[in-house]
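The values are calculated or read from the model by the stated rules, or taken from the named source; none is laboratory data. Note that the structure is predicted; figures quoted are calculated from it, not measured. For neighbour counting, all protein chains shown are included, and Cβ atoms are generated from backbone atoms with ideal geometry for every residue, glycine included. Calculation scope for accessible area: heavy atoms of the full protein, side chains included, ligands and nucleic acids excluded. Shrake-Rupley method; radii C 1.70, N 1.55, O 1.52, S 1.80 Å.
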Amino acid sequence: TRCEIQGNICSMIVDSGSCANVISNLVVDKLRLATIKHLEPYRLQWLNDSGEQAKVKFRIDKYMDVVLCDVVPIHADHILLGRPWKFDKDAIHYGRENSIVFKFMGKKIKMEPLTPKEKFRDQLQM
C-alpha cells in the first residue's frame, strides 16, 4: 500500500513474517527524519542494522500513526511494518485479497496492495 510521510507519497509493506518495523535509510536521509540511537541494538538476520531508529509519522487517508522504526538499507519499499505493528493494531491479514484490516477511532481501515505500475511510480517520485 502507500502512505504519506511529511507530504511525500511512500510505499509501505505490512509483513507478518517480519519481527521488526523498519524504514529505508534513503527515506530517512531524503526527508531528513531525526534519528535516535537504538536503546537495545540487535542484529536482523537478513540485513545489517545501523543501530539507529526514527520515529515515523505517517498517514493513510484519515488514519494517522507514529511508529518507531529501525533505519536499514532496504530498497524494496520505503517502510515495512511487521508483527509489532500488526499486534499493536490487532490487524487482520486477508490472504486471498492480500489486504490488512484494523480499527482506528472506531472505524474500519482497509489497506490494499498497489499495482506494480503504482509501486513503480511511487518509487520514482521518492
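What are the residues in the range 88-108 that are more than 18 Å from the chain's Cα centre (by Cα) and of a type in the set (Asp, Glu), if any?
Within the range 88-108, just Glu97 meets the criteria.
Can you go through Ile5, Ile79, Ile23 and tell me which one is at negative phi and at pLDDT below 90? Lay out the reasoning, then the answer.
Values: Ile5 fails: at pLDDT below 90; Ile23 fails: at pLDDT below 90.
Step by step, each of Ile5, Ile79, Ile23 is checked, and only Ile79 is at negative phi and at pLDDT below 90.
Is it the case that some residue within the range 34-46 is within 29 Å of Val101 (Cβ to Cβ), open to solvent by less than 20 Å² (accessible area, probe 1.4 Å) and modelled with pLDDT under 85?
yes
Just to be sure I understand the filter: pairs with C-beta atoms under 9 Å, separated by 6 or more residues or on different chains, first member in the range 47-60 and on the phi > 0 side of the Ramachandran plot, second member at pLDDT below 75 and not in a strand (DSSP E or B). Which pairs pass?
Note: pairs meeting the criteria are Gly51/Pro41.
For the range 3-40, which positions are touching a Leu at 6+ places or on another chain (Cβ under 9 Å) and in a helix (DSSP H, G or I)?
Answer for the range 3-40, where residues must be touching a Leu at 6+ places or on another chain (Cβ under 9 Å) and in a helix (DSSP H, G or I): just Val27.
Filtering the range 54-70 down to residues that are open to solvent by less than 30 Å² (accessible area, probe 1.4 Å) and modelled with pLDDT of 90 or more, which residue is nearest to Ile9 (Cα to Cα)? Quick ask: steps written out before the conclusion?
Filtering the range 54-70 for residues open to solvent by less than 30 Å² (accessible area, probe 1.4 Å) gives 54, 56, 58, 60, 63, 65, 67, 69-70.
So of that shortlist, the ones also modelled with pLDDT of 90 or more come out as 54, 56, 58, 63, 65, 67, 69.
Details: Ala54: 18, Val56: 13, Phe58: 10, Tyr63: 14, Asp65: 15, Val67: 17, Cys69: 18 Å.
Among them, the one singled out is Phe58.
Does the range 105-126 hold any residues that are open to solvent by 50 Å² or more (accessible area, probe 1.4 Å) and over 23 Å from Leu31 (Cβ atoms), and which are they?
Answer for the range 105-126, where residues must be open to solvent by 50 Å² or more (accessible area, probe 1.4 Å) and over 23 Å from Leu31 (Cβ atoms): Met105, Gly106, Lys107, Lys108, Lys110, Glu112, Pro113, Thr115, Pro116, Lys117.
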